[in-house]
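Since the structure comes first, as structure tokens, the remarks are kept for the end.
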Amino acid sequence: MTSDIGAGPSVEAARAAMPAEGPPDRRWLDAYGRMLLIRHFENEMQRLFLKGEVHGTTHLAAGQEAVPVGVCLALEPDDYLAGTYRGHGHALAKGTEPARLAAEMLGRATGVCGGRAGSMNVIDLEHGLVGCFGIVGGSIAAATGAAVSAQRQGKVAVAFFGDGASNQGYFHECLNWAQVFDLPVLFVCENNLYGEFTPMASVTAGGEIGIRAASFGMQSQVLDGNDLWAVREAAVEAVARARGGHGPTLLECQTYRHYGHSKSDPAKYRPPDEVERWLARDPLDLARARLLDQVVSEEELAAKDAEIDVQMDRAVEGALAAPYPDPDEDAGSEFKE
Amino acid sequence: MSEQLEFRKAIRDALDEEIERDPAVVFFGEDVALPGGVFVTTPGLQEKHGRERVFDTPISEMAMAGAAFGAAVTGLRPVIEVMFGDFMALPMDSLVNQSAKFWYVSNEQASVPLVVRSAVGAGGRFGAMHSQIHGTWFQGIPGIKVVGPSSPADAKGLLKSAIRDDNPVVFLEHKRLYSVKGAPPAEETVPLGKAAVVREGSDITIVSALRGVHDSLQAAEELAGEGIDAEVVDIRSLRPLDHETVLGSVAKTNRVMLLEEGPRVGGWAANLLGIIAAEGLEELDDAWIVTTGDTPAPYSPTLEDAWLPAAADVAAAVRERLGAAAPS
């Protein structure tokens, strides 16, 4: 599939390739709901940014929802996760409350980090999110470190990162490190084909990121990152390997972002036919089709859609009504005493 | 007189005792476990505490600092050794952007209890890439502490405090101090962020750090024979910077000389002198700085000795500024 990127399984093919087993029906529907929540969240952040409510910059993950949601289906609530500056989906998939995440984006005191972090640096330890990192590749290092603890605690750590991060020193150092120490960690590359504005293929030797694992003797898989079922299946296998003491796995999940790299980027460098091909494989459409085909009725799906609409509306309303931090009372301290 | 403690053994003892005391403490780095450290600071720790607690790593400083950060926010208290201070250019992203910022940016969800030990400083003919002191690279980064001992007692007490501290700490070990012997510590720990008056005097305050404290003390002894009574302050911590102890000393002596092994611009001495001027100008009759040259550390003995300020340079500078004659 690497040679024909962007032309992965159609809705029909996804139906035909359905696995024989999976989590209970309700869990698939909830997973779809979480993906939809991420999509709504990103669209809302876009809208609120244009209204001047979200500041600085944001990096939206619309189109990439199946990767974090699929991986988190394989995790326990107390497993660790490290995300990127395109991290709203990572946080929401791991369990961060949408209202608190929205408030963080708006710089409000009720934000998950009290408005100190913003869009790129969200931390939510209560849900195992050790951080989202504004430096490309930082999540790889953080998850490797969390895995040092996880190895002693019977837990698993996951790093999400983009194709661009696979050319950072962190990637090579940490994959070697994790393999040497058999760390229970999943390195999940969200390959959206562009490192910022530059096509991945033009700056990445070897064509594929997944094969880089072979040089470390590490297990790896290249898969369709828009297929929730495929992502979950690969993650379940990798998590079992990690928990069994058999070390790390590299998953290259091929996907596509619907927006540009960041707020300043209209993404005009992407060929229209490529965009069209990927939009036709929207992970939400694929999931809906499969759910309807196998798991739920139209009514149940419509009810889930309505539930998520309400959840998102409430999150944004709550965030907009929340106070800003008080520079006198919320200045904070440099060190923990 | 109690038994003398060697500086390198003080470091080892502090690690040994803290690994023993707290099961969350882990220690890792390049050649620290089986080989026992290139400066023989950590022999036998792995044998005693096991591979779970003390282990050798790949030569991967970025991964090492990242591993320490991630482990520290998930329940461990890592101590890592980045062999030479010069190598600290590699793990700076994780230390500066991850460890130093976590406590604040997370809205105080958790702190990052880790220590990064390194051998630093010139005078060993190690050349430009094995002689730097990286303390000032980190001094301007909120959220990370920077400390360094000059005596075996402080080496043990400060390292124990650093390991027990809930914040990230950069720990500087001057390589020309490892063989120094001195009295063992009087207390279990030495507080971080506090300077120490290591010699009392009334005519001038000399402020230094690490090896420079020894050069300052030697110069003070020379000057004492000439009727100049110098007070010597070991700053011990670059962040937080204890300017109050220095201001207290300057209020007494009205003159201050700051001796730094490093370049003048961007150094801790210039920074501290700025604070002294801002907060204690009325106390000052004279103030100046002695530093290394502005080139990278040279290799050749003649060049390095000329580049590096020594006790004789400190004494000469004080005589010149005080208008005193050199002993004939």
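Kindly check whether there is at least one residue in region B:4-16 that is modelled with pLDDT of 95 or more, among the polar types (S, T, N, Q) and surrounded by fewer than 19 Cβ atoms within 10 Å (Cβ to Cβ).
Yes, the conditions are met somewhere in region B:4-16.
Among the residues of region B:32-47, is there at least one that is closer than 28 Å to A:Gly137 by Cβ, in the same structural domain as B:Arg164 (by TED's automatic domain parsing) and free of Cβ contacts under 8 Å to residues at least 60 places away in the same chain?
yes
For (1) farther than 26 Å from B:Met129 by Cα; (2) not hydrophobic (A, V, I, L, M, F, W, C), each residue gets a yes or a no:
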residue: B:Glu18; (1), (2): yes, yes
residue: B:Phe39; (1), (2): no, no
residue: B:Glu47; (1), (2): yes, yes
residue: B:Asp56; (1), (2): no, yes
residue: B:Ala67; (1), (2): no, no
residue: B:Val73; (1), (2): yes, no
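Go through (1) within 14 Å of chain A (Cβ to nearest Cβ); (2) within 29 Å of A:Thr84 (Cβ to Cβ); (3) surrounded by 22 or more Cβ atoms within 10 Å (Cβ to Cβ); (4) in contact (Cβ under 8 Å) with a residue 24 or more places away in the chain for B:Thr74 and report which single condition fails.
Among (1) within 14 Å of chain A (Cβ to nearest Cβ); (2) within 29 Å of A:Thr84 (Cβ to Cβ); (3) surrounded by 22 or more Cβ atoms within 10 Å (Cβ to Cβ); (4) in contact (Cβ under 8 Å) with a residue 24 or more places away in the chain, the lone unmet condition for B:Thr74 is (4).
Test B:Phe55 against the stated conditions and say whether it is touching a residue at least 24 places away in the same chain (Cβ under 8 Å), among the hydrophobic types (A, V, I, L, M, F, W, C), more than 10 Å from chain A (Cβ to nearest Cβ) and surrounded by fewer than 24 Cβ atoms within 10 Å (Cβ to Cβ).
No, not satisfied.
If you go through region A:192-217, how many residues are surrounded by 13 or more Cβ atoms within 10 Å (Cβ to Cβ) and in a loop (DSSP other than H, G, I, E, B)?
Residues flagged as surrounded by 13 or more Cβ atoms within 10 Å (Cβ to Cβ) and in a loop (DSSP other than H, G, I, E, B) within region A:192-217 amount to 7.
Exactly one condition in (1) of a type outside the set (Phe, Trp, Tyr); (2) in contact (Cβ under 8 Å) with a residue 60 or more places away in the chain; (3) away from chain A (no Cβ under 13 Å) is not met by B:Met83; state its number.
(2)
State all residues of region B:157-175 that are under 15 Å from the mean Cα position of the chain (by Cα), over 16 Å from B:Gly37 (Cα atoms) and assigned to a loop (DSSP other than H, G, I, E, B); if no residue qualifies, say none.
Hit for region B:157-175 is B:Pro168, nothing else.
Check every one of the strands (runs of 3 or more DSSP E) wholly within region A:72-174 and list those with 1 or more residues that are within 7 Å of chain B (Cβ to nearest Cβ).
Of the strands (runs of 3 or more DSSP E) lying wholly inside region A:72-174, those with at least 1 residues that are within 7 Å of chain B (Cβ to nearest Cβ) span A:80-84, A:129-133.
Quick check: anything in region B:297-306 closer than 17 Å to B:Thr205 by Cα and touching a residue at least 12 places away in the same chain (Cβ under 8 Å)?
No; the residues of region B:297-306 include none that is closer than 17 Å to B:Thr205 by Cα and touching a residue at least 12 places away in the same chain (Cβ under 8 Å).
Checking A:Gly164 against (1) buried (at least 22 other Cβ atoms within 10 Å of the Cβ); (2) farther than 25 Å from A:Thr204 by Cα, which test does it fail?
A:Gly164 satisfies all of (1) buried (at least 22 other Cβ atoms within 10 Å of the Cβ); (2) farther than 25 Å from A:Thr204 by Cα except (2).
Within region A:295-332, restricting attention to residues that are acidic (Asp, Glu), within 14 Å of another protein chain (Cβ to nearest Cβ) and loosely packed, with under 13 Cβ neighbours inside 10 Å, which residue is farthest from the chain's Cα centre (by Cα)?
Residue satisfying both the conditions and the ranking: A:Glu329.
Got a sec? Which of B:Ser150, B:Ser179, B:Ser131 is in a loop (DSSP other than H, G, I, E, B), more than 13 Å from chain A (Cβ to nearest Cβ) and surrounded by fewer than 24 Cβ atoms within 10 Å (Cβ to Cβ)?
Result: B:Ser179 is the single residue among B:Ser150, B:Ser179, B:Ser131 that is in a loop (DSSP other than H, G, I, E, B), more than 13 Å from chain A (Cβ to nearest Cβ) and surrounded by fewer than 24 Cβ atoms within 10 Å (Cβ to Cβ).
Can you tell me which residue within region B:232-254, out of those that are hydroxyl-bearing (Ser, Thr, Tyr) and more than 19 Å from the chain's Cα centre (by Cα), is nearest to B:Thr136 (Cα to Cα)?
So, considering only residues that are hydroxyl-bearing (Ser, Thr, Tyr) and more than 19 Å from the chain's Cα centre (by Cα), the one nearest to B:Thr136 (Cα to Cα) is B:Ser249.
Residue check, B:Ser60 against (1) within 20 Å of B:Phe39 (Cα to Cα); (2) in contact (Cβ under 8 Å) with a residue 24 or more places away in the chain, all met but one. Which one?
It is condition (2) that B:Ser60 fails.
The values are calculated or read from the model by the stated rules, or taken from the named source; none is laboratory data. From a predicted model like this one, the values you see are computed outputs, not experimental measurements. Cβ sites come from the backbone with ideal geometry, for glycine too, and all protein chains shown count toward neighbours.
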